[in-house]
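Accompanying notes for the structure given below.
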Amino acid sequence: MNAADTLAAWQAREQEINVHGHEIGLASPEQVAGRTGLQILQAMVAGEIPRAPISRTLNFLIVELAEGRAVFQGRPLFEHYNPLGTVHGGWIATLLDSAVGCAVHTLMEPGKTYTTLELKINYVKAVTHKVPLVRAVGEVIHRGGRIATAEGKLVGPDGTLYAHATTTCLIFEAQPSAKP
């Protein structure tokens with residue numbers, strides 16, 4: 001598929017997901033109780049539970065999920081620029097952190113959660129708002145009882161690699177949390 005066809009497919013997927021009119025917020029304990037990590041994320045994509053607030057702030061969303069895999073799509077905006085005239089590395093890092101973390105999340109059993117212990121990013125090409133969309137593809141490398149590792153790549157519709165990352169996550173029992 002050429003870059004124009006890939007971009008059109010990515011835009012179509014974004015429209016398909018946004019049809020649900022997603023609420024922004026945090027899922028309640030009742031909404032996630034008894035669900036696997038994959039089921040929770042699938043419910044988020046389907047609009048059954050709220051999207052994380054950061055998805056609106058940084059203009060990205062989950063577009064694909066499978067066991068051990070999560071794909072996020074983001075639209076780099078001028079508002080994401082650093083003083084050097086390119087998209088801030090923190091925006092790129094957040095997109096990659098979301099993809100690799102949610103790849104791990106897809107493998108959580110009900111009642112389990114995780115947190116990032118380490119995230120390493122390699123920036124290989126600058127991103128500007130002239131890049132219409134990017135995708136962060138995260139895939140689990142290893143999932144043990146207490147530790148999981150994953151890797152991710154940030155690519156454009158033409159296949160250009162902008163950054164890549166690895167993460168190590170700690171797995172533990174989830175504790176119910178109150179909404180802010």
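Brief remarks follow.
- Qualifying position, being surrounded by fewer than 17 Cβ atoms within 10 Å (Cβ to Cβ) and either of a type in the set (S, T, N, Q) or in contact with a Pro (Cβ under 6 Å, 6 or more places away or on another chain) (or both), among Gly34, Gly89: Gly34
- The selection criterion, being crowded, with 18+ Cβ neighbours inside 10 Å and either at pLDDT below 95 or more than 14 Å from Gly138 (Cα to Cα) (or both), does not hold for Met1.
- Given (1) surrounded by fewer than 20 Cβ atoms within 10 Å (Cβ to Cβ); (2) under 15 Å from the mean Cα position of the chain (by Cα); (3) assigned to a helix (DSSP H, G or I), index of the condition Thr115 fails: (3)
- Yes/no for Ala99 being outside any strand (DSSP E or B) and of a type outside the set (S, T, N, Q): yes
- Identity of the residue in the range 158-174, of a type in the set (A, V, I, L, M, F, W, C) and part of a strand (DSSP E or B), that ends up nearest to the chain's Cα centre (by Cα): Ala165
- If you go through the range 124-180 and keep only what is in contact with a Leu (Cβ under 9 Å, 6 or more places away or on another chain) and among the small types (Gly, Ala, Ser), you end up with Ala126, Ala136, Gly138, Ala148, Gly152, Gly156, Ala163, Ala165, Ser177.
- The range 40-86, residues that are more than 21 Å from Lys153 (Cα to Cα), more than 13 Å from the chain's Cα centre (by Cα) and assigned to a helix (DSSP H, G or I): Ile40, Ala43, Thr57, Phe78, Glu79
- Filter result for the condition that a residue is touching an Asp or Glu at 6+ places or on another chain (Cβ under 7 Å), more than 13 Å from His164 (Cα to Cα) and modelled with pLDDT of 95 or more, over Thr115, Thr106: Thr106
- Filtered by the rule that a residue be within 15 Å of the chain's Cα centre (by Cα) and either under 18 Å from Leu107 (Cα atoms) or part of a loop (DSSP other than H, G, I, E, B) (or both), the range 1-38 gives Gly37, Leu38.
- Selection within the range 53-62 - in contact with a helix residue (DSSP H, G or I) (Cβ under 8 Å, 6 or more places away or on another chain) and surrounded by fewer than 19 Cβ atoms within 10 Å (Cβ to Cβ): Ile54, Asn59
- Candidates are the residues of the range 4-25 that are charged (D, E, K, R) and free of Cβ contacts under 8 Å to residues at least 40 places away in the same chain; the one that is nearest to Leu65 (Cα to Cα) is Glu16.
The values are calculated or read from the model by the stated rules, or taken from the named source; none is laboratory data. Note that the coordinates shown come from a computational prediction; the quantities given were computed from them, not determined experimentally. Ideal geometry is used to build each Cβ from the backbone, glycine not excepted, and the neighbour counts take in all protein chains shown.
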